[in-house]
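Undergrad: This structure is in structure tokens; I'll ask about it shortly.
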Amino acid sequence: MTAPLETFLGIDVGGTFTDVVLGDDRGNVHVAKLPTTPADPLQAIDGGIRQVLETAKVSAASISRVVHGTTRATNAIVERKVARAAFVATEGFGDMLELGREARVEADRYDLHFAKPRPPIEPELCFEAPERVDAGGQIIQGLSDEQAAEIAGQVAFAAPEAVAICLLHSAANPLHEERLAAACRAALPEAFVVASSEVWPEIREYERALTTVMCAAVGPEMAAYLSGFESLIRGLGIHAPVQIMESSGGVMSAARAARIPIYTVESGGAAGVVAAGFIGQLVGESEVISFDMGGTTAKAGVVRNSRPDVTHTFHVGGVASLSGRKGGEGFPLKIPVVDIAEVGSGGGSIAWVDSGDALRVGPRSAGADPGPACYGRGGREPTVTDANLVLGYLNPARLAGGVELSPGSAHEAILRHVGTKLNLDVAAAARGIHEIANLNMAAAIRVVTIHRGIDPRHFSLIGFGGAGPMHIARLAEAFDIQSARVPAAAGVASALGLLTSNPSVDTVRTLVTDETDANCEEIETIFRKLEQRTAREFDCEPSELQMSRSIDVQYVGQAHSLNVPLESGVFGPEGVRTVARNFRDLYRKSYGIDLDRPTQFVNFRTRTTHPVETLSLRAKAALDPANGSAAAPSGERNAHFSELDGFVATPVYAWTSLEPGHTFSGPGIVEGPDTTLVVPPNWQVSFDGTLNAILQRRPRL
Amino acid sequence: MNDTSHQSIDDTITREIVKSSLAVAVEEASIVVVRSAYSAFIQEGADACAAILDARSQLVAQSDATSLMHGASLRASLPGLLEDFTADNMAEGDVYVTNDPYRGGIHANDLLVYRPIFASSEVAYFAGTLIHVADLGGAYPAGLASLATDVFSEGLVLPPVRLYERGEPVEPMLKLLAANSRTPETVLGDVRALVAGVNVIALRVGELIERHGATEIARYAAEAMDYAEVRMRESLQEIPEGRYEGHFRVDGDGLSLERDYDVRAQVEIADGSARVDFTGTSEQSPGAINASQSQILSGTLYAVRCFTDPTIPMNEGNFRTVQAHFPEGSLVNPTPPAACGGRVVSVTAGVEAIVQALSSARPDRAVAQSAIIHVYALSGSQNDGAPWLCLNYDFGGLGARSGSDGPDATGAFFLGGRSVIPQIEALESRFPLCFRSAALIPDSGGPGRWRGGRGTECAIELLDDALLTVRGDRIRRPPAGVSGGHPGLSGGFWIERTNGEREDLHPKQTKMSLGAGDVFVMRTSGGGGLGPPHEREPELVLADVRSGRVSLDAARSVYLVEIDASKSTIHQSATRRLREGLASGRDH
């Protein structure tokens, strides 16, 4: 076998497990899964890397690329463990953060004693600069260097660890912001200083300010963490460039991530959707829904044309709810983020009965400690994992991480907390928990599909994460989806996703222009400038870069825009007409109505990608049709399927002993190294060249 | 409720599926309506509602993320629609619209749209959506006819009329709406958004009926109502039985400064139900502050819900546990053709009265008076003659609560407890405006052991000629404190003319002319305080001073806390002397 040319290292740190994957361009993959070490995540990372290097017998020096996915920025924001940051606004608007824009939702609305969330920066640390720029970018009130230095002096006196600057209309003219940022950097050489025009220069000051504030708030911590991560990598003898997964699904240099760390906000979640895109390509599907279910939450995303859908209305730190970004919760961010809906429904989610005798699952989670009742580590409340054990889906002898499970504890917890309260036997109660969890998770899928005007029935569902493959077929049924895919490496899919993405940079420029007044040359210049500036972020020849452009378009008078991708090539008069036409189509698809009105261009966006050598997965063997019926179960156990009226003896297969081309019909269970796939009775499964499971729904009997 | 032996797990699961699907359908509709609406008012503030009702006009499900103030209206207008167009005269794809405040509506600008949903060729449900549209005629732009004296001057009154027939638009109706609006394009855009919303609900409910069967859906809908009713009754039983009274006096109707208006509520709690009687409320106003019955019912239900378990789902079951009496010819049940556009003043007064009454039943849940939404409309014409209209609003402080300060600048009560700040860059890109400030006002929260929330000040420079209409209240009589708490600071409206003169506006002033360079200033009031300010923890006063919520002066003169000029420490002995001085002063 020829030696690999490129060896990649992917590191995905989740709430429960740290996954390390070593892969190369010849299709070899080695995996390490260690419990996350929350106090110092580098500890588990260090252990994981050493482990894969040893099992793969690969020298650290031969690694050509390191990609890291982290939820550190999000966690810091959610837990409010952030830097003491100052905020500078235009004079007259220093209360912006305290005024805020948010709404009570759901039950909170009837609670007169509700607690209004604290602003992200206390008023003592909010400052005002005597300056003003108008909507067209003209300076109405100038800000001199001296004035900037004076403001910086006031800020410095408060000794913040970070400074966020957001002035009105800085997207149209960043001069004053740049002046203030320079003054603050001079006055506070140790502080993390960032201006909104550097982070994301797009219209709408409140969202832009919060994006900047969040960036500053996680800045010092992320810079320190990333530098620690890089030292660790170098200390292990790895010389390769270190890259960080960014929220919009590409990767960026660790240096850029340290400069503008808010780009990593959904780094961990994005990796999962990217992985789904990669798996989709492996199995020949370019339109897939990704479903990633772990210990505490489940996440859904959409991949179209093999690319993850991206949103520009992401909220961070909100209450986990139906959409994860219901207006009014958390902090809105302007940066592009892979469109992910997250619900508090994972293997560890706790089942309970409310005061109206309704069975509920989550959002409270037993987490990894004490964990589900069946872990026998002191957990007394029933979880989804306990239900899956009682239903026979999980093997009591083993779970990822070598935990032995106690069916007795699971039974007891389910009976006490659900069964007796609802007068159900343990199997019925477990089935209820399993299905209510499915209902919750369906909501996440609904948000990224139906709520976006996407019909999920035309998609294939890709399930992964430790718990995802046990629920995937049932979720497909809920949406009338006929096919589902589960990758062979379902338990570490996100880490694999890291190794399949390319370096990329997104940019934006706001210029509100009516379609009728659109000046093609001016628009072409805007795009050119964005692309030229972006090219400097890459360590390669501009000719190697792939550029794509899009425009946010709205009807004149409306405030919500839709993003319309452009064809490649110079933007000309034909481009204006095409954009307007495509916008009308998109609008009709999204809202079901046609409007006979002029359109307006709002934001001009570019995405630049540097295609590099990435992971490839090697086919284990050529497909052999003779294998078609040869799948031999390694054993059987009783598992519950409602269409078979209860428990039936169900064949159990070991994933590692299956061969490409193997096929069988449900009911069946496939046990992998770190995941379990449940194939219900009306489904058929076959395995492709890389042992990905291809599930197909059979016509109803 | 242990007798569930007749239930199977299939029942349990299907019920959850149906319940969640119905909730999702209305939520999806509200998202569609808000996102595709034209009025900035809706887009920024979500002044919208979506609901599913059954053929007997019972509320099955209502959107959760939108404003609460419309809860009862979609329910109250449906019987009128069914009266005028009987169900057997309706067809698949029909859409109807109404806004008549005397038949369940609110005021001209709140359009209620319905689409019947069929099960085996009978009308089984209605999808309903509601938003405040930008302009539907009347004497003043944006329906802000603060000084209107009848419904006719507030805009086009629509009895239930057919808007779409079997999926096809009834063009003359759309033309009629457009012809009666100062911003015809915007209104048609809003109407299409409303229709898109009912279409989404009809589609989703249709899918559910197809999957589970009409009988099953009807059974689960009935169960959901019963479930909410049972939980409401249980929750109401936790309020001590008895009769409680509350009242609230509004600033006035804008027509006469002399005439006072009171809203009185007697709340009787007994046997797990609430009876709310508004007897004693002032007679209806010749002005616009009258509340239609459906509005005051929304307010009543909301106020009672604030004293019950907040997690109870909102549906018909809630309405079964609250009986209300609105005296005919009063501010809360006017006789036609009284104007109703300014009803927020009276409805929120009704809410305050009920909150006050129930606060006496549950002192641990007491809340002082809150400020009210202030609305302004600026309008003019662009260089090409096209009209522009900027309708915006701001909130004042919420009253102090027993145990916590009132939130700043928050939509009090059933306006959803939401906060807004103007989208300055977006507004300045669309309108000839330049904002000078949008800020919280120090010392505006009513002092008290628990402080009221702060009011706001917003100053806007006009870059072109414009007409201004405003609507506010609780200025002449700012939100009062309770149990020794002080009132909040009064808000107001004024114009700073280019010649430096300040021109104060009446809180319900209409059609003021402004020129380029004039600055319009709007202040909202602060919320009332709760308990004597000198009983406030000095540390809390220090924190307020540091953050700019309270001035050093007020700390000393009102809260009797002496803080050093650098705002870092409390002079303990001086503070003690100040506070003891008050106590000894009292002894004499």
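The values are calculated or read from the model by the stated rules, or taken from the named source; none is laboratory data. Model, not experiment: these values are computed from the prediction. We place every Cβ from the backbone using ideal geometry, glycine too, and count neighbours over all the protein chains shown.
Undergrad: Any chance you could count how many residues in segment B:422-463 are more than 26 Å from the chain's Cα centre (by Cα), within 11 Å of chain A (Cβ to nearest Cβ) and over 27 Å from B:A516 (Cα atoms)?
TA: 0
Undergrad: On to the next question. If you scan segment B:181-201, which residues turn out to be more than 12 Å from chain A (Cβ to nearest Cβ) and either more than 26 Å from the chain's Cα centre (by Cα) or modelled with pLDDT under 90 (or both)? Show your work before the answer.
TA: Taking segment B:181-201 first, the residues more than 12 Å from chain A (Cβ to nearest Cβ) are B:181-182, B:201.
Answer for segment B:181-201, where residues must be more than 12 Å from chain A (Cβ to nearest Cβ) and either more than 26 Å from the chain's Cα centre (by Cα) or modelled with pLDDT under 90 (or both): just B:R182.
Undergrad: A:S196 passes all but one of (1) in the same structural domain as A:L42 (by TED's automatic domain parsing); (2) buried (at least 24 other Cβ atoms within 10 Å of the Cβ); (3) among the polar types (S, T, N, Q); which number fails?
TA: With respect to (1) in the same structural domain as A:L42 (by TED's automatic domain parsing); (2) buried (at least 24 other Cβ atoms within 10 Å of the Cβ); (3) among the polar types (S, T, N, Q), A:S196 is out only on (1).
Undergrad: Now, a different point. Given the residues A:A442, A:A430, which is the only one that is at pLDDT 90 or above, within 11 Å of chain B (Cβ to nearest Cβ) and under 26 Å from A:I481 (Cα atoms)?
TA: The unique qualifying residue is A:A430.
Undergrad: Could you check how many residues of segment B:152-172 are free of Cβ contacts under 8 Å to residues at least 60 places away in the same chain and assigned to a helix (DSSP H, G or I)?
TA: Looking only at that region, the number is 2.
Undergrad: Then there's this: Pick from segment A:83-103 the residues that are in contact with a Pro (Cβ under 8 Å, 6 or more places away or on another chain) and hydrophobic (A, V, I, L, M, F, W, C): which of them is surrounded by the fewest Cβ atoms within 10 Å (Cβ to Cβ)?
TA: Here the residue is A:A83.
Undergrad: Still on this structure: Mind checking which residues of segment B:404-421 are more than 7 Å from chain A (Cβ to nearest Cβ), out of contact with any strand residue (DSSP E or B) (no Cβ under 6 Å at 6 or more places or on another chain) and either in a loop (DSSP other than H, G, I, E, B) or modelled with pLDDT of 90 or more (or both)?
TA: B:G406, B:G411, B:A412
Undergrad: Filter segment B:280-309 for residues that are aliphatic (A, V, I, L, M) and away from chain A (no Cβ under 13 Å) and give the result. Walk me through how you get there before you give the answer.
TA: Looking only at segment B:280-309, we keep the residues that are aliphatic (A, V, I, L, M), and these are B:288-289, B:291, B:296-297, B:301, B:303-304.
B:A288, B:I289, B:A291, B:I296, B:L297, listed by residue number.
Undergrad: Sticking with this structure for a sec: Would you tally the residues in segment B:325-343 being surrounded by 24 or more Cβ atoms within 10 Å (Cβ to Cβ) and either outside any loop (DSSP other than H, G, I, E, B) or within 14 Å of chain A (Cβ to nearest Cβ) (or both)?
TA: Within segment B:325-343, residues that are surrounded by 24 or more Cβ atoms within 10 Å (Cβ to Cβ) and either outside any loop (DSSP other than H, G, I, E, B) or within 14 Å of chain A (Cβ to nearest Cβ) (or both) number 1.
Undergrad: What residue, among those in segment A:653-701 that are assigned to a loop (DSSP other than H, G, I, E, B) and among the charged types (D, E, K, R), is nearest to A:R485 (Cα to Cα)? Walk me through it before giving the result.
TA: Initial filter on segment A:653-701 (assigned to a loop (DSSP other than H, G, I, E, B)): A:658-662, A:666-667, A:672-675, A:680-682, A:688-692, A:698-701.
From the residues that got through so far, the ones that are among the charged types (D, E, K, R) too are A:659, A:674, A:688, A:698, A:700.
Values: A:E659: 16, A:D674: 16, A:D688: 10, A:R698: 15, A:R700: 20 Å.
Per the stated criteria, the residue is A:D688.
Undergrad: What are the residue pairs meeting all of these: first residue in segment B:80-104, first residue crowded, with 21+ Cβ neighbours inside 10 Å, second residue assigned to a helix (DSSP H, G or I) and small (G, A, S), Cβ atoms under 6 Å, and 6 or more apart or on different chains?
TA: B:T98/B:S77; B:R103/B:G80; B:G104/B:A76; B:G104/B:S77; B:G104/B:G80; B:G104/B:S294
Undergrad: Working only within segment A:481-517, note down all residues that are under 17 Å from A:N563 (Cα atoms) and assigned to a loop (DSSP other than H, G, I, E, B).
TA: none
Undergrad: Quick check on my filter: what residues within segment B:46-64 are assigned to a loop (DSSP other than H, G, I, E, B), on the phi < 0 side of the Ramachandran plot and either away from chain A (no Cβ under 14 Å) or charged (D, E, K, R) (or both)?
TA: Residues of segment B:46-64 assigned to a loop (DSSP other than H, G, I, E, B): B:46-47, B:55-58, B:63-64.
Adding the requirement that they be on the phi < 0 side of the Ramachandran plot leaves B:47, B:55-56, B:58, B:63-64.
Passing the criteria: B:D47, B:A55, B:R56, B:Q58, B:D64.
Undergrad: Say we look at segment A:61-106 and pick out the residues that are of a type in the set (V, I, T) and assigned to a helix (DSSP H, G or I); which of these is farthest from the other protein chains (Cβ to nearest Cβ)?
TA: We begin by selecting, within segment A:61-106, every residue of a type in the set (V, I, T); these are A:63, A:66-67, A:70-71, A:74, A:77-78, A:82, A:88, A:90, A:105.
Narrowing further to those that are assigned to a helix (DSSP H, G or I): A:74, A:77-78.
Details: A:T74: 23, A:I77: 19, A:V78: 21 Å.
Looking at the filtered set, the residue picked out is A:T74.
Undergrad: Do we have B:T149 as outside any strand (DSSP E or B) and either touching a strand residue (DSSP E or B) at 6+ places or on another chain (Cβ under 9 Å) or surrounded by fewer than 16 Cβ atoms within 10 Å (Cβ to Cβ) (or both) here? Even if it seems obvious, please write down each step before you answer.
TA: On the way: outside any strand (DSSP E or B): yes; either touching a strand residue (DSSP E or B) at 6+ places or on another chain (Cβ under 9 Å) or surrounded by fewer than 16 Cβ atoms within 10 Å (Cβ to Cβ) (or both): no.
Against the criterion (outside any strand (DSSP E or B) and either touching a strand residue (DSSP E or B) at 6+ places or on another chain (Cβ under 9 Å) or surrounded by fewer than 16 Cβ atoms within 10 Å (Cβ to Cβ) (or both)), B:T149 does not qualify.
Undergrad: Can we say B:Q369 is surrounded by fewer than 24 Cβ atoms within 10 Å (Cβ to Cβ) and either outside any loop (DSSP other than H, G, I, E, B) or within 14 Å of chain A (Cβ to nearest Cβ) (or both)? Show your work before the answer.
TA: Details: surrounded by fewer than 24 Cβ atoms within 10 Å (Cβ to Cβ): no; either outside any loop (DSSP other than H, G, I, E, B) or within 14 Å of chain A (Cβ to nearest Cβ) (or both): yes.
Considered against the rule, which asks whether it is surrounded by fewer than 24 Cβ atoms within 10 Å (Cβ to Cβ) and either outside any loop (DSSP other than H, G, I, E, B) or within 14 Å of chain A (Cβ to nearest Cβ) (or both), B:Q369 comes out as no.
Undergrad: Still on this structure: Of everything in segment B:292-324 that's part of a loop (DSSP other than H, G, I, E, B) and of a type in the set (A, V, I, L, M), which residue is farthest from B:H70 (Cα to Cα)?
TA: Filtering segment B:292-324 down to residues part of a loop (DSSP other than H, G, I, E, B) leaves B:292, B:306-315, B:320-321.
From what is left, the residues that are of a type in the set (A, V, I, L, M) are B:312, B:314.
Values: B:I312: 18, B:M314: 12 Å.
This residue is B:I312.
Undergrad: Among the residues of segment B:510-523, what is the count of those that are farther than 13 Å from B:L433 by Cα and modelled with pLDDT of 95 or more? First the steps, then the outcome.
TA: We begin by selecting, within segment B:510-523, every residue farther than 13 Å from B:L433 by Cα; these are B:510-513, B:522-523.
Still in the running and modelled with pLDDT of 95 or more: B:513, B:522-523.
Residues in segment B:510-523 being farther than 13 Å from B:L433 by Cα and modelled with pLDDT of 95 or more: 3 in total.
Undergrad: Another one. Tell me whether segment A:561-581 contains one or more residues that are of a type outside the set (K, R), free of Cβ contacts under 8 Å to residues at least 24 places away in the same chain and closer than 30 Å to B:L389 by Cβ. Working first, answer last.
TA: Of the residues in segment A:561-581, the ones of a type outside the set (K, R) are A:561-576, A:578-580.
Next, from what is left, pick out any that are free of Cβ contacts under 8 Å to residues at least 24 places away in the same chain: A:564-569, A:574, A:578.
This time we only want the ones that are closer than 30 Å to B:L389 by Cβ, so: A:564.
The answer is yes; a qualifying residue exists.
Here's the yes/no breakdown for (1) under 28 Å from A:L112 (Cβ atoms); (2) in a strand (DSSP E or B); (3) within 14 Å of chain A (Cβ to nearest Cβ); (4) aromatic (F, W, Y):
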{"site": "B:P487", "(1), (2), (3), (4)": "yes, no, no, no"}
{"site": "B:T498", "(1), (2), (3), (4)": "no, no, no, no"}
{"site": "B:S525", "(1), (2), (3), (4)": "yes, no, no, no"}
{"site": "B:L540", "(1), (2), (3), (4)": "yes, no, no, no"}
{"site": "B:A543", "(1), (2), (3), (4)": "yes, no, yes, no"}
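Undergrad: On to the next question. Might you check whether a residue that is assigned to a strand (DSSP E or B), in contact (Cβ under 8 Å) with a residue 24 or more places away in the chain and more than 21 Å from the chain's Cα centre (by Cα) occurs anywhere in segment A:178-192?
TA: Here is the first cut: in segment A:178-192, the ones assigned to a strand (DSSP E or B) are A:192.
Subsequent filtering for residues that are in contact (Cβ under 8 Å) with a residue 24 or more places away in the chain retains A:192.
Okay, now just the ones that are also more than 21 Å from the chain's Cα centre (by Cα), so A:192.
Within segment A:178-192, one or more residues are assigned to a strand (DSSP E or B), in contact (Cβ under 8 Å) with a residue 24 or more places away in the chain and more than 21 Å from the chain's Cα centre (by Cα).
Undergrad: Still on this model: Identify all residues within segment B:202-214 that are away from chain A (no Cβ under 12 Å) and either within 16 Å of B:V133 (Cα to Cα) or in a helix (DSSP H, G or I) (or both); write none if there are none. Reasoning before the result, please.
TA: Start the filter on segment B:202-214 by keeping residues that are away from chain A (no Cβ under 12 Å), which leaves B:205-206, B:208-209, B:212-214.
Passing the criteria: B:V205, B:G206, B:L208, B:I209, B:H212, B:A214.
Undergrad: Residues of segment A:9-33 being within 21 Å of the chain's Cα centre (by Cα) and assigned to a strand (DSSP E or B), which ones?
TA: Taking segment A:9-33 first, the residues within 21 Å of the chain's Cα centre (by Cα) are A:9-21, A:33.
Of everything in segment A:9-33, those that are within 21 Å of the chain's Cα centre (by Cα) and assigned to a strand (DSSP E or B) turn out to be A:L9, A:G10, A:I11, A:D12, A:V13, A:F17, A:T18, A:D19, A:V20, A:V21, A:K33.
Undergrad: Please determine, by comparing only the residues of segment A:667-681 that are touching a residue at least 60 places away in the same chain (Cβ under 8 Å) and farther than 12 Å from A:I472 by Cβ, which one is surrounded by the fewest Cβ atoms within 10 Å (Cβ to Cβ).
TA: A:P673
Undergrad: Okay, moving on. Yes or no: A:H113 modelled with pLDDT of 95 or more and within 12 Å of chain B (Cβ to nearest Cβ)? Give the derivation first.
TA: Numbers: modelled with pLDDT of 95 or more: no; within 12 Å of chain B (Cβ to nearest Cβ): yes.
Considered against the rule, which asks whether it is modelled with pLDDT of 95 or more and within 12 Å of chain B (Cβ to nearest Cβ), A:H113 comes out as no.
Undergrad: Please verify whether A:G153 is farther than 27 Å from A:D506 by Cβ, among the small types (G, A, S) and not in a helix (DSSP H, G or I), treating the condition exactly as stated.
TA: Working: farther than 27 Å from A:D506 by Cβ: yes; among the small types (G, A, S): yes; not in a helix (DSSP H, G or I): no.
When the stated conditions are applied, A:G153 does not pass them.
Undergrad: Just give me the residues in segment A:193-210 being closer than 11 Å to A:A164 by Cα and either more than 24 Å from the chain's Cα centre (by Cα) or away from chain B (no Cβ under 14 Å) (or both), in sequence order. Reasoning before the result, please.
TA: Filtering segment A:193-210 for residues closer than 11 Å to A:A164 by Cα gives A:193-199, A:208-210.
Hits for segment A:193-210 are A:V193, A:V194, A:A195, A:S197, A:E198, A:V199.
Undergrad: From the residues in segment B:220-238 that are surrounded by fewer than 20 Cβ atoms within 10 Å (Cβ to Cβ) and away from chain A (no Cβ under 11 Å), which one is farthest from B:L331 (Cα to Cα)?
TA: B:A222
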